[in-house]
Amino acid sequence: MNSLNGKFKAPFFPDTHGSIEWLETNNAGAYASSSIIELNNRKYHGLLVAPVEGFEGRFHILSSVDIILNSREPILTGITRYPGAFYPEGWRALDEAVLLPFPHWVYKNSSCSLKKEVFMRREESAVWIVYTLEDGDAVVNADLKFLFSCRNSHNLTFENSSINRTAVQSGDSLTIAPYTGFPSTEIRFSGEWEYEEGFYWDKNICYIDEKDRGLEWIEDRFVPGTVSIVLKKGVPFVIKVGIVGAGKACGDLLDYYRKETASRYKGYSEPESSIELLRRQSAHFLLRNPSGKNSINAGYPWFGEWGRDTMIALPGLTFYSGKTEQGIRILSDYISMIKDGLLPNTLGDTQGFTSYNSIDAGLLFCWAINKLIDFGYGRNNDEKAVLTGRFLPAVRAVAGAFIENRVEHAELDSDGLVYSGSPDTQLTWMDATAWGRPVTPRYGYAVELNALWYDALKLIESLDRMAGNKPEKNIANRIEAFPEKFTEKFWLNDYGYLSDTVNEFGPDMKIRPNMLFASSARNGLLDLEKRKAVAAAAEKYLLTDMGLRTLAPGDPDFAEFYSGGPDERDSKYHQGTVWPWPLGIMVETSLLVSENQEKTRNFWGNYINNFLSVHLFRDGWGSVSEIFDGLAPGTGKGCFAQAWSCGEILRAAEIIKRERN
C-alpha cells in the first residue's frame, strides 16, 4: 500500500482507509479533501471549500456527490457515516484509488467499470468532477445526489426554514442560492442531464474525527433534488461546481477537461523518493490569496494564512525546493503588511480574521531572508539588487521598530535584549490558551526572540556590506555587545543548555526546542562548545522518531498524549507534544557542531527517510502532519498537512544533500 505513485488497491475498509486523507487545491485558498474511500470523517472534508468574496475565512459549500450507476448490476459510490450505519457502502465496489497526478477512483463490478476524477484549476473557485464509463454497456443512466452544506468551514449546518429550496435550471446549468446575501453556486454539465425537483435534508451525518476532538460532530446537509445523467462508454461526463462570479471564464467543459488532464500528465513521472513526493504535494501550500498577495497556507484542512507559519515554512517550500522566485514574491508581498515591526499573525482572506499578535513574525521575516542568503542567493548583481534594494529597507523597518520601542508588548532593555509580553499574553509560537488563560505565556526574555533579534542585526550588517554602505555604528555596537549579554542571561552553566525564558522569577529551566534558534544563529552568538551542548540536550531529551517534543519528559508539566476536548488539547499543545518543524533548526545545529560531517549527514538522512517512509502514506497522504503525541508518536494529529512541517523537513533534506555534495 505504501506506494509512491499514490495507488491504493482493493479491498478497502472504512476503519483502515477512512483515516488516509487526500488533498487537491486551486492554489488560491480553496481545496477539496476527504479520505481515499470518499468517507468524510471531518467537518472540513468536502469537494468545494473556498474563500467567498465579502466574507472572511473559507466556506464549506459542497460536501460530496454520490452516484448510482443503473447498470445491469448497479454501482453505488460514496460513503456517509450515520449513527450506527454507513450508506452508501461505496467502498465495496471500489477497486482502485489513485492520488497522482490528481485524485481518481475506479469502481467495478461484474457488468461495468466507472472512473471518477476530481480536480481544481488554478485560482478558480470551483471543483471539477468527471465520470467515465470505462467498461460495460454502451450507454448507462446514472442518478447523482449533490450534498451541500453552505456554511463557514469551522461550523456545522442543520435543517432550517430560512433556506431557499428552489434550484434554477438554465441551459447546461443548475443554480442554487440557498441563503440571502450568500453567493449562488452553479452546477454545469457537459452531457445529457435532467433535473427532478425534490429538495430534502440529509440528516445526522457523523464526523468521527470531530467527536474525537471533543467537538460537535453531527450535522445535516441538503440535497436540491436529483440529477439524472447519461453516460456513454469511453466519453467523459464533466461536471463543474463553482461559486457564481468567482470562477474563470469557461466554455466547453469537455474541452477544458482534456486540456487540464493533458497539462497534468505532460511530463509527469512517478516520484522516485519520499522526499520528492513530499516536495510535489507541498506545492498545495503555495497560493495567491483573494487579495492578490502571494502567500502560504499554514495547514489543511482548517488553517488559513499565518504570517509566522509562512516565514518558517517559506525557505523549504520555495528556495530549497527550486522555487526561489516564488519565495521572493511571497517575501515581497509581505513587506506592505509590516506594521511597527510585526507581520500579521493571521490574514482574514483565508483564516477568517486579521491579527498582529505574533511578536516573532517580523523577526522570522528577517530569518527567512537569511535562509535565502544561506541558500546561495545574492551572488550576482541582480540578486544583490533585490536583497539590498527591496529587502534591506524592510529589515530596517522591522529592526527600527524594536530599537525605537514601537513594537507592542516588547521593549529593548539597557543591554539590548528583547523583553516581551506579560502573564496574560501569548505572543510566541507557543501561543495556546486553555480555560481562558495562556498555557505557556513565555513572557520576559524569550530565548528564540533574542536569537532572532541578533540574526536580524547581523542581516542588516551583511546587507549593508553587500550594498557598499558605510557600517552603521549603532548596529555594529549592538552586535558586538549582544553575545556576552545573551550568554549571561540565558546560559545555565550547571545544566549545559539555555533557559527557555527569563523573567522576574528567574530562568525557566524547562528544556524546549526554542533554544535551537540560538545554537543555529549567525556566527558569534554562542561559542562552539555551547552550541554543541544545546544540540546534545535537544537530541537527548526532545528528539523522537517524528520530530521534537516541546517539553522534556520528566518535567511535571509534560503531556504524554494529545487528546481530549479543545481546552484539554490546547493545554497539551506545547507541553511535550511532538512537532516536526523544529527538525530544520535541529539538523542545522547538528551539522554546525559536528566533528564527523559524514556520520552526521548519514544519521539525519536516514532519520528523514525513515520518518517519511512511515508517515507519508498513513495520515495526510504525501504530506506531514502538524503534531504527534509526546510519549509515543504514532499517527499524526492536528492538521493532516502542515506547511512548516513539510517546509522544514524539505529544507533539512536539501541541507544534508548540499553538504554531502
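Every read-out reported here was derived from the displayed coordinates using simple, explicitly stated rules and does not represent laboratory data. On a predicted model such as this, the values are computed, not experimentally measured, just so you know. Positions of Cβ are backbone-derived with ideal geometry, glycine not excepted, and every protein chain shown enters the neighbour counts.
Under 5 Å between amide hydrogens, built in the peptide plane, is the criterion, and for Y497 it picks out L492 among residues at least 5 positions away or on other chains.
Estimated purely from DSSP H runs of n ≥ 4, each contributing -39500 (n - 2.57), the mean residue ellipticity at 222 nm for the chain is -9000 deg cm²/dmol once divided by its residues. Backbone amide hydrogens, once placed in the peptide plane, bring W306 within less than 5 Å of A298, excluding anything fewer than 5 places away on its chain. In plain terms, the residue of K240, K485, K470, K510 with the fewest other Cβ atoms within 10 Å comes first and the most crowded comes last, giving K470, K485, K510, K240. In a fully extended conformation the segment linking E272 and S228 would gain 11.6 nm over its present Cα-Cα distance, using 0.36 nm per residue.
Separation of the stretch 535-592 from the stretch 89-107 is 36 Å, based on Cα centroids. Between the Cα long axis of helix 643-660 and the first principal axis of the chain there is an angle of about 60°, rounded to the nearest 10.
Computed over the stretch 129-238, the range of Cα coordinates on each principal axis works out to 49, 33, 20 Å, biggest value leading. Here is the P(r) of the chain: all C-alpha pair distances, binned every 10 Å from 0, give 3, 15, 25, 25, 16, 10, 4, 1, 0 in whole percents. Fully extending the segment from K485 to F13, taken as 0.36 nm per residue of separation minus the present Cα-Cα distance, adds 164.0 nm.
Net charge dipole, the chain: roughly 1380 debye, given to the nearest 20, about the Cα centre with Cβ charges of +1 for Lys and Arg and -1 for Asp and Glu. Net charge of the neighbourhood of I75, taken over other residues with C-beta under 15 Å away and scored Lys/Arg +1, Asp/Glu -1, is -3.
The HN-Hα couplings worked out from phi for the stretch 153-163 by the Karplus form 6.51 cos²θ - 1.76 cosθ + 1.60 (θ = phi - 60°) are 5, 8, 9, 10, 10, 9, 3, 8, 8, 8, 6 Hz, whole numbers, x standing for Gly and Pro.
For the cross-link pairs K339/K371; K293/K458; K145/K293; K211/K540, the ones whose C-alpha atoms lie over 30 Å apart are K145/K293; K211/K540.
Relative contact order of the stretch 480-599: 22 percent, from C-alpha pairs under 8 Å at least 6 residues apart in sequence. Sequentially through the stretch 80-87, phi angles give Karplus couplings (6.51, -1.76, 1.60; θ = phi - 60°) of 10, 8, 10, x, x, 7, 10, 7 Hz, Gly and Pro residues having no value and appearing as x. In this structure the amide hydrogen of T433, modeled in the peptide plane, comes within under 5 Å of the amide hydrogens of V439, none closer than 5 places in sequence on its chain. Per-peptide packing, taken as the mean over residues of other Cβ atoms within 10 Å, places 446-458, 381-393 in the sequence 446-458, 381-393 from highest down. Candidate cross-link partners of K266 among the lysines, defined by an alpha-carbon separation under 27 Å and a same-chain spacing of 8 or more, comprise K7, K9, K115, K116, K232, K233, K240, K248, K323. The mean sequence distance of close C-alpha pairs (under 8 Å, at least 6 residues apart), as a share of the length of the chain, puts its relative contact order at 12 percent. Cα centroid separation, the stretch 459-489 to the stretch 307-321: 25 Å.
Fewest first, what order do M515, M337 take by the number of other Cβ atoms within 10 Å? Listing M515, M337 from fewest to most nearby Cβ atoms yields M337, M515. Within the shell of other residues whose beta carbon sits under 10 angstrom from the beta carbon of R329, the net charge comes to +1, with Lys and Arg scored +1 and Asp and Glu -1. Counting only alpha carbon atoms, the long axis of helix 324-335 and the longest principal axis of the chain meet at about 80°. The fewest-to-most ranking of V624, V439 by surrounding Cβ atoms within 10 Å reads V439, V624. Relative to the longest principal axis of the Cα atoms of the chain, the long axis of helix 528-541 makes an angle of roughly 40 degrees. Summing charges over all other residues whose Cβ lies under 13 Å from the Cβ of Q169, with Lys and Arg as +1 and Asp and Glu as -1, gives -4. Each residue of the stretch 430-435 is assigned a 3J(HN,Hα), and the resulting list reads 8, 10, 5, 10, 9, 6 Hz, derived from the Karplus form 6.51 cos²θ - 1.76 cosθ + 1.60 (θ = phi - 60°), x at Gly and Pro. Basic side chains Lys and Arg get +1 at the Cβ, acidic Asp and Glu get -1 at the Cβ, and with that the dipole of the stretch 7-247 about its Cα centre reaches some 260 debye. For the stretch 329-370 versus the stretch 256-274, the spacing of their alpha-carbon centroids is 34 Å.
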